[in-house]
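A.B. asks: Submitted below is the structure of interest, expressed as structure tokens.
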Amino acid sequence: MTVDEFNHFCQSLPATTYVQQWGASHVWKVGGKVFAIGSSSASKVAAYTFKTTDNNFHFLGEIDGYRPAPYFGSRGMKWIQQFDNAPSKDEDLRYYLSQSYRLVCLGLTIAMRRQLGLEQPPTKEGSSNIPEP
């Protein structure tokens, strides 16, 4: 996935905002909270960082092309960086970016989710009903 494709995908998710910070990093947020970071090195190799579940953090940390995200991972946060940009990994990256977005949305207050148009009325079971991206 190219950085442009990454930005296009993140922009397609509801209520996201974009800022370029930390040098030339492409930072995507929902409700003011980061869910994805895209960057490229001097060699033009892109890397994508995203929040993940505990299970996926441990699983992906053992797979070639992924590593605990610099800074985030060293502070105990469950963030992974994908640095293998083979086209065969694009679908997986879209999945993990969507899940990162969902995890961050779930961490927002109900009031913030409602303000952003992300919170639907609770289901009969009483659970939150954040729409899938």
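A.B. asks: Arg102 - would you say it is without any contact (Cβ under 8 Å) to a residue 60 or more places away in the chain and open to solvent by 70 Å² or more (accessible area, probe 1.4 Å)? Working first, answer last.
C.D. replies: Values: without any contact (Cβ under 8 Å) to a residue 60 or more places away in the chain: yes; open to solvent by 70 Å² or more (accessible area, probe 1.4 Å): no.
Judged against the criteria, Arg102 is not a match.
A.B. asks: While we're here: Scan region 1-11 for residues that are open to solvent by 80 Å² or more (accessible area, probe 1.4 Å) and either under 22 Å from Leu118 (Cα atoms) or among the basic types (Lys, Arg) (or both) and jot them down.
C.D. replies: As a first pass, look at region 1-11 and keep what is open to solvent by 80 Å² or more (accessible area, probe 1.4 Å): 4-5, 8, 11.
His8, Gln11, listed by residue number.
A.B. asks: Answer yes or no as to whether Arg75 is among the basic types (Lys, Arg) and at pLDDT 80 or above.
C.D. replies: Numbers: among the basic types (Lys, Arg): yes; at pLDDT 80 or above: no.
When the stated conditions are applied, Arg75 does not pass them.
A.B. asks: How about region 86-120: which of its residues are within 19 Å of Tyr48 (Cα to Cα) and touching a Pro at 6+ places or on another chain (Cβ under 8 Å)?
C.D. replies: Ser98, Tyr101, Arg102
A.B. asks: Please state which of the following conditions Gln21 fails to meet, knowing it meets all the rest: (1) open to solvent by less than 60 Å² (accessible area, probe 1.4 Å); (2) farther than 17 Å from Leu93 by Cα; (3) at pLDDT 90 or above.
C.D. replies: With (1) open to solvent by less than 60 Å² (accessible area, probe 1.4 Å); (2) farther than 17 Å from Leu93 by Cα; (3) at pLDDT 90 or above applied to Gln21, the lone miss is (3).
A.B. asks: So, in region 24-42, of the ones that are more than 12 Å from the chain's Cα centre (by Cα) and either part of a strand (DSSP E or B) or modelled with pLDDT of 90 or more (or both), which residue ends up nearest to Leu116 (Cα to Cα)?
C.D. replies: Of region 24-42, the ones more than 12 Å from the chain's Cα centre (by Cα) are 24-25, 31-32, 39-42.
When the remaining residues are screened for being either part of a strand (DSSP E or B) or modelled with pLDDT of 90 or more (or both), the result is 25, 31-32, 39-40.
Values: Ser25: 24, Gly31: 7, Gly32: 11, Ser39: 27, Ser40: 30 Å.
For region 24-42, the residue satisfying everything is Gly31.
A.B. asks: If you go through region 43-53 one residue at a time, do you hit one that is out of contact with any helix residue (DSSP H, G or I) (no Cβ under 6 Å at 6 or more places or on another chain), among the small types (Gly, Ala, Ser), surrounded by 15 or more Cβ atoms within 10 Å (Cβ to Cβ) and modelled with pLDDT under 90?
C.D. replies: Within region 43-53 (the criterion being out of contact with any helix residue (DSSP H, G or I) (no Cβ under 6 Å at 6 or more places or on another chain), among the small types (Gly, Ala, Ser), surrounded by 15 or more Cβ atoms within 10 Å (Cβ to Cβ) and modelled with pLDDT under 90), the answer is no, since none of the residues qualifies.
The values are calculated or read from the model by the stated rules, or taken from the named source; none is laboratory data. Note that this is a predicted model, so its numbers are computed, not measured. Every residue, glycine as well, gets a Cβ built from its backbone with ideal geometry; the counts of neighbours run over all protein chains shown. We work out accessible area using only protein heavy atoms, side chains counted, and drop any ligands, DNA or RNA first. Shrake-Rupley method; radii C 1.70, N 1.55, O 1.52, S 1.80 Å.
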